[in-house]
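The values are calculated or read from the model by the stated rules, or taken from the named source; none is laboratory data. Here the structure is a predicted model, which means the values were calculated and not measured. Note that each Cβ is placed from the backbone with ideal geometry, even for glycine, and that neighbours are counted across all protein chains shown.
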Amino acid sequence: MTTIEGASGIRETGTVLDRIVAQRRVQLALDQAATPRALLEAQVSEAAPAIDFAARLRTGTSRSPSGARLRLVAEIKRASPSKGVFDAHLDAAVQARRYAEAGAAAISVLTEPAFFQGHLDDLRAARDAFALDEERPAILRKDFLFDEYQVLEARAAGADALLLITMMLEPSTLRALLAATHAAGLQALVEVHDETELATALEAGARVLGVNNRDLRTFAEDLGTFERLARLAPPEVTLVAESAIRTAEDAARMAEAGAHAILVGEALVLSADVEAKARELQLIGTAG
């Protein structure tokens, strides 16, 4: 793997990302002291092959509903810095199985503890919920990653893919982390917020793009962000619309703009009927 020196490749963004990353830097040092890199590498060498994340987002699983216009990345999310606590006692394994039964192509697991009340144990629980099921959803580690040690953590915990946030990474760091991700047998969902970040992500070699409809400076949400940026992505790139998607109408806008998949957390976690909401957002049997 390409070595990334410390946190020198992290950008100051003037957003909540800076506070989150500062905490993650402290936690990274603790994690490295508790679990030596050599042990992680040994765990990675014994890990089962990862599922093809991009393929899941294009074709779904055997449980994905027939006639669905969108694939769903369903998120396990207890809290957020902008909305507070959704469900402090959310059981990751139970929620993962609910998502799978509703046809989710992938499951995003927030593993950041201080702001989102997540943990790598949630990812392990979500992965273990499917044992040897080859038709399981792909598992995505959603966190604020800037060091290749965190990539190894994701692989060792059972992830098939991980999130890289273009806004918080220098272009050289993004390229190095993409290389480290692929070397570990994983794929990356590379998140962008504007045209400049989109160009940076594509130049770095991103093949799965997540367009975040939330402005991290103001927390304002605008589905027009995806509609604007999707037009600039080459056809071979898999597109995921993120944030502000709560209804079938929102999902339809994203499908019409070219989304292959949507990533949804809040609307699912807060739903009284998780499976019904998940099926609604996949646009089963609706006209294109």
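Data for the structure
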read-out: So A156, is it touching a Leu at 6+ places or on another chain (Cβ under 6 Å), more than 26 Å from D215 (Cβ to Cβ) and touching a residue at least 60 places away in the same chain (Cβ under 8 Å); value: yes
read-out: Scan of region 159-178 for residues that are buried (at least 18 other Cβ atoms within 10 Å of the Cβ), farther than 16 Å from V73 by Cβ and touching a Gly at 6+ places or on another chain (Cβ under 9 Å), ordered by number; value: L169, T173, L174, R175, A176, L177, L178
read-out: Residue in region 155-175 that is at pLDDT below 95 and under 16 Å from the mean Cα position of the chain (by Cα) present; value: no
read-out: Matching residues, region 209-241, being among the hydrophobic types (A, V, I, L, M, F, W, C) and either surrounded by 21 or more Cβ atoms within 10 Å (Cβ to Cβ) or at pLDDT below 95 (or both); value: L209, V211, L216, F219, A220, F226, L229, L239, V240, A241
read-out: Where L223 falls short, out of the listed (1) without any contact (Cβ under 8 Å) to a residue 12 or more places away in the chain; (2) touching an Asp or Glu at 6+ places or on another chain (Cβ under 7 Å); value: (1)
read-out: Number of the condition not met by V269 [criteria: (1) over 29 Å from T181 (Cβ atoms); (2) touching a strand residue (DSSP E or B) at 6+ places or on another chain (Cβ under 8 Å)]; value: (1)
read-out: Test: A244 is at positive phi and either crowded, with 18+ Cβ neighbours inside 10 Å or among the charged types (D, E, K, R) (or both); value: yes
read-out: Residue within region 90-103 that is among the polar types (S, T, N, Q) and without any contact (Cβ under 8 Å) to a residue 40 or more places away in the chain present; value: no
read-out: Filter result for the condition that a residue is within 16 Å of the chain's Cα centre (by Cα), touching a residue at least 12 places away in the same chain (Cβ under 8 Å) and more than 15 Å from L162 (Cα to Cα), over P113, P137, P81; value: P113
read-out: Residue count for region 156-181, restricted to those that are of a type outside the set (A, V, I, L, M), under 16 Å from R207 (Cβ atoms) and in contact with a strand residue (DSSP E or B) (Cβ under 7 Å, 6 or more places away or on another chain); value: 3
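So that you can scan it fast, the table gives a plain yes or no per residue for (1) surrounded by 13 or more Cβ atoms within 10 Å (Cβ to Cβ); (2) of a type in the set (V, I, T); (3) in a strand (DSSP E or B); (4) modelled with pLDDT of 95 or more:
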| position | (1), (2), (3), (4) |
| --- | --- |
| P49 | no, no, no, no |
| S66 | no, no, no, no |
| A74 | yes, no, yes, yes |
| A96 | yes, no, no, yes |
| Y99 | yes, no, no, yes |
| V109 | yes, yes, yes, yes |
| A114 | yes, no, no, no |
